[in-house]
Amino acid sequence: MVDANARPAFGRAALRVFDLGLGQMLWSRRTVFMALIAGGPVLIAALLRALASLPTFDAGAGQIGGRAVSLDGPDIFGLMIWTFYLRFTVPVLGVFYGTALIADEVEDRTITYLFTRPVARGAVLAGKYLAYLACTAVVVLPSVTIVYFLVVPLLGGSIGRNFPALLVDLGLIGAGLAVYGAVFALVGAWFRRSLLTGLVFVFGWEPLVVVLPGYMKYLSVAYYLQGLAPHAMPQGDALSVIQALLTSVQTPLATWVNLAALALIWTVALAAAMRAVERREFVLGQ
Amino acid sequence: MSMNQRTRYVLVGGAGVMAVGLAGGLAAWVSSSLPSLALAQERPDELRYVPPEATILSFANVREVMDSDLRRRLREIQPELDGQREFQERTGIDIERDIDYVVGGLVPDGSDDTTGIAILAGRFDTERLEALALQHGGAASDYQGRRLITIGDESAAMAFLESGVIAIGSEALVKRTIDLPSSGGGVDADDSLMGLLRHVDSGSTAWTVGRLDNPGGGEWLPDQVESQVSQVAAFAIGARVNGGVSGRLTAEARDEETGRNLRDLLQGLLALARLQMGSRPELRGLLDSLRLTSAGANVTLAFDLPADAVLELLPDRPDANAANAP
């Protein structure tokens, strides 16, 4: 005989929450925002392709208006990965979705319904986190792939020769979404003003500490993530120039150290977030 | 799973885009990895005269350089290249008119040193060249049916390999060059070196490729530099000369991690140079034209210098002399 009051196993419960949460997350207003920031690079890539079809653009000779250009398609793709995805899309989606995993339920006063179900509170967070990963990955990773095919063939670039770098980029962006999501799930479970805290971390703390000498940069996600990027860092602003200068005089971390650091941050943040959700008393405001 | 139809469509759509993209990319990668497609730069026939042990290989389309707009502008400032007159007096060869292109190679000689060989293709008056060499104390002889002229003091030699093709280098190396067609062929059969031409754009006016990980590969470098570049396995540089100079230098590091370290080092050096641009304004054109990229173990520095920026870098330009005048 089956006990109707028995708690389902953690994994089963998390999958059930994932199933419910994915639909909610995908059809929320936040998805419009995500579509905009993931669609922006695709639009820019399509514009570049349209420009490439103009008569002044001699792709075979690598010239625009009769003048040779030193950038080719793979270079432009590398710049787009850095500028649009690694430095913006990945941390911003992590902040907006990660902090909302629990905060939205508190704000909508629906957390009571979730927590009175016979499932572990941690499974609720785990399920919602998985839904966040699926929701962001299904939008961001195809966007990267489309940008790759639109931009890399420009100015004599080869889709085939650069394919391994695309795989690294996809892995890196996936890892970034996972780690930032876990960190901000913890922030969302812990802090009252979680979105503000997350934005300060992404746009205040991280850009600053990665250019400061010393050990502060180890307390960021960006440092380890950028250490794995297969493309050269763009140097458009003063902070990037300083970062490049400092990066060159210090011994870079080995690939396995960067990977281990990201895995550690992910594990600790997710475990701490689940523990915080299990233990914290959520007080619903008036 | 109880997800609704719309959600399922989005998931399937996203996964479909990824699957198609990855399958297409994989197919392109497999086809681009085939050796027959790997060489972007055409090979001059004269490569067969460069010994297969060569670690550095160069090509320069002298005719294209001499006819270029950049050379025309340089000629106004500097009518003759450094050493051009001396070379003509000693060999009888006018670089401006006689040579179409040059192929060169550096070959380790087994004693911690390297020797060079240059194969010149163009229009040469062999009788006049021989007479001039003899006039400078050289000696003429026949070797394997080819005319060989040695200049005793410097153990240098010149040989007429075929109509319009001469080899210049050490006597031993020039003799080896003459022997090559009957003893297994030249460097053009060495895929590890020739494969580096995939980093050189087709139609480049000049290029140099080299392996530093072969025995004797870095011997030609000064000791200090050799230790600094010990992590670089190979390099390729190609440039196109016309209104200006554009091209790219690619370094193949020994592994991906070393490649990233090398990229970071170059990135730092560029950043440092940019910070100093205020006191060296003539470097602005050069620095603005540099683009550093990397993929895997390969680090590429692309450049695109307009003619004005090249002239800015010349120490002998008239405005520089005026500026330096007391």
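Nothing in this text is a laboratory measurement; each read-out follows from the coordinates by a stated rule. Remember, it's a predicted structure, so these values are computed and weren't measured experimentally. Methodologically, a virtual Cβ is constructed for each residue, glycine included, from the backbone with ideal geometry; neighbour enumeration extends over all protein chains shown.
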For the range B:42-187, what is the charge dipole size about the Cα centre, in debye to the nearest 20, if Lys and Arg each add +1 at the Cβ and Asp and Glu each add -1 at the Cβ? 280 debye
Applying 1/(1 + (r/R0)^6) with R0 = 56 Å to the Cβ-Cβ distance of B:V12 and B:L283, what FRET efficiency is obtained, to the nearest 0.05? 0.55
Quick check for me: using +1 on Lys/Arg Cβ and -1 on Asp/Glu Cβ, what's the dipole size of the range A:10-279 about its Cα centre, in debye to the nearest 20? 700 debye
Rounded to whole Å, sorted largest first: equivalent-ellipsoid semi-axes of the range B:128-170, Cα gyration tensor: 16, 11, 9
Return P(r) of the range A:74-232 (all Cα-Cα pairs; 10 Å bins starting at 0; whole %; ordered from short to long distances). 10, 35, 30, 18, 6, 1
Return a whole-number percent for the relative contact order of the range A:137-203, with Cα pairs under 8 Å and 6 or more residues apart as the contact set. 25 percent
Gyration tensor (Cα only) of the range B:42-187 to equivalent ellipsoid, semi-axes in Å sorted down, yields 25, 19, 15
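When A:Y218, B:Y49 are ordered from fewest to most other Cβ atoms inside 10 Å of their Cβ, what list results? If you can, show how the numbers build up before the last one.
Numbers: A:Y218 11, B:Y49 26.
Ascending number of Cβ neighbours within 10 Å: A:Y218, B:Y49.
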Taking the convex hull of the Cα atoms, report for the range A:143-206 its projected area averaged over all directions, in nm². 5.6 nm²
Relative contact order (%) - criterion: Cα under 8 Å, at least six apart; region: the range A:10-279: 28 percent
Taking every pair of alpha-carbon atoms in the range A:10-279, what share in percent sits in each 10 Å bin, from 0 to the bin with the longest distance? 7, 27, 31, 21, 10, 3, 1
Which of the trypsin sites (Lys or Arg not before Pro) found in the range A:126-234 are loop residues per DSSP with 15 or fewer other Cβ atoms within 10 Å of their Cβ? A:R192, A:R193
Taking every pair of distinct Cα atoms and averaging 1/r, then inverting, what Kirkwood hydrodynamic radius in Å comes out for the range B:242-318? 13.5 Å
